[in-house]
Amino acid sequence: MSQLLVEYPHSRNARCDNPLARGADGVLRYGNLNPALTELLDIQVHTFAAREAVVEIGGPRLTYRELWYSASRIAGGLQEHGIGYGDRVAVRMPVGVRWVQAFLGALLSGAVPVLVHDRLPDALADKVIHDASADYILDGGGRAHGYRAALPDAAAFIDDGASLGELALLCYTSPGSPVGPRGVELTNENLLSAIRSVVGALELPTAGLRNLVLLPLAHASGCVDQLLPTFAVGGTVVLAPDPAAIAETLAAERIDMVAATPRIFAGLLPELAGLRMEGVRKVCSAGHRAELAAVEPGAADTVSDSLRAVFPAARQWSVWGATETSGIGLARDDAAAPDACDSLGFAFGGTELALFGPAADTGRGELLCRGPNIAPRYWNDPQTTESRFTGSWFHTGNHVTIDPTGLVRRAPVA
């Protein structure tokens, strides 16, 4: 039986920014991006210098000026250790202000941060670090292994020579896959495009957003789609390492946006039951490929209803993506599709969709994505790159249906 590839026109993408234009390779791209992520962040630091950038409940609170200065000193320390342009620096630390400082320090040094989840077993984390050929490991000195070191510190240094097409971040896929985690190369253009898309689709304000980010920062959904877009609008990222502090944090920190996975939200509901947090205006539920099969549509609806009771004034967003898509791709808000329990959402930003398979021309098949946020390749894995990319199209591995409006739904079980 022949395999068809059926493209869905971008005109069906209602949440599309005007600056997008199609390149010679057929991919839609933003035409007015900063040349590198560090330049975008540097501009925001100078614009919002006195605003709080990151708050750790029970820990430090840093303004943009303080965060940038401390990160640049880490970058200077890395430079003194011989780390520079293109080197890989693994970041394996618990969620908190120091994680953000370490991540930005690696970025400002000119190196490529490698995100390693702190809760990975040592053997698996070491496998990731070895696969990335990491030249340095930032873990705050909390590990027993001799080749890991505490956060470096020296005179402030910022490498600002990167360009759009260069590798900016090495992010690994879920360790639950049959072959284990794979390194995904994300360029400056991928990251900046994802940031622009999230800011536009979720309508993030520049008037002082306070975003309680409960997603793992070592994943694309936490780092690329919440931490960086919040910084891009001069907002405050609030981190709560202790789940028991969530209810108190919502009120004390004047939170107006909360971001987590459906699974994390489900675990928090007993603590939040009975509360009504009128100040929260946005609730973002970030799903990814690994969670798609794990969260049943009915269970997701139950979580959504419970969250609506806790946050009655909030607009609920569901964002779906994969590491290879910079964590984004599809979005759905409850105002537009409140009863679509099996829907994943509509393409947004520069993401375009296609279906692949024998029934693709009937609106059913494997979901393919392309856009300025799609990674160019896997790290040091040309065989997997060849098998997962058809030209500029990325094969997600998820089987879906797409209706005439462009709404993507889970494919019914045959």
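What follows is calculated from the coordinates using simple rules that are stated; it is not laboratory data. This is a predicted model, so every value here is computed, not measured. Glycine also receives a Cβ, built like all others from the backbone with ideal geometry; neighbour counts cover every protein chain displayed.
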For the chain, the dipole about the Cα centre with charges only on Cβ (Lys and Arg +1, Asp and Glu -1), to the nearest 20 debye, works out at 340
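What is the antiparallel percent of DSSP beta bridges lying wholly in region 182-329, to the nearest 5? All intermediate terms of the calculation are to be shown ahead of the outcome.
Details: 1 of 18 bridges.
Restricted to region 182-329, the bridges split so that about 5 percent are antiparallel.
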With -39,500 (n - 2.57) per DSSP H segment of 4 or more residues and division by the full residue count of the chain, the 222 nm estimate, nearest 500 deg cm²/dmol, is -8000 deg cm²/dmol
Here the net charge surrounding ALA50, from other residues whose Cβ is less than 13 Å away from its Cβ (Lys, Arg +1; Asp, Glu -1), is +1
The computed P(r) of the chain puts the percent of Cα pairs beyond 40 Å at 12
Connecting every pair of Cα atoms under 10 Å apart in the chain and solving the GNM, the largest mean-square fluctuation among GLY350, GLY200, GLY110 falls on GLY200
So, with points 7 Å from each Cα along the Cβ direction, the LEU275-ASP242 label distance in nm works out to 1.4
Rounded to whole angstrom, the alpha-carbon centroid of region 229-270 lies from that of region 92-141 at a distance of 23
If the label point sits 7 Å along Cα→Cβ of ARG119, residues of region 237-261 with amide N under 17 Å come out as 239-246, 259-261
The local net charge around GLY363, scoring Lys/Arg +1 and Asp/Glu -1 for residues other than GLY363 whose Cβ lies under 12 Å from its Cβ, equals 0
Simple spin-label estimate for LYS127/ALA309, 7 Å along Cα→Cβ, in nm, reads 4.2
Within region 192-227, the residues whose backbone N lies under 11 Å from a label point placed 7 Å from the Cα of ALA251 along the Cα-to-Cβ direction are none
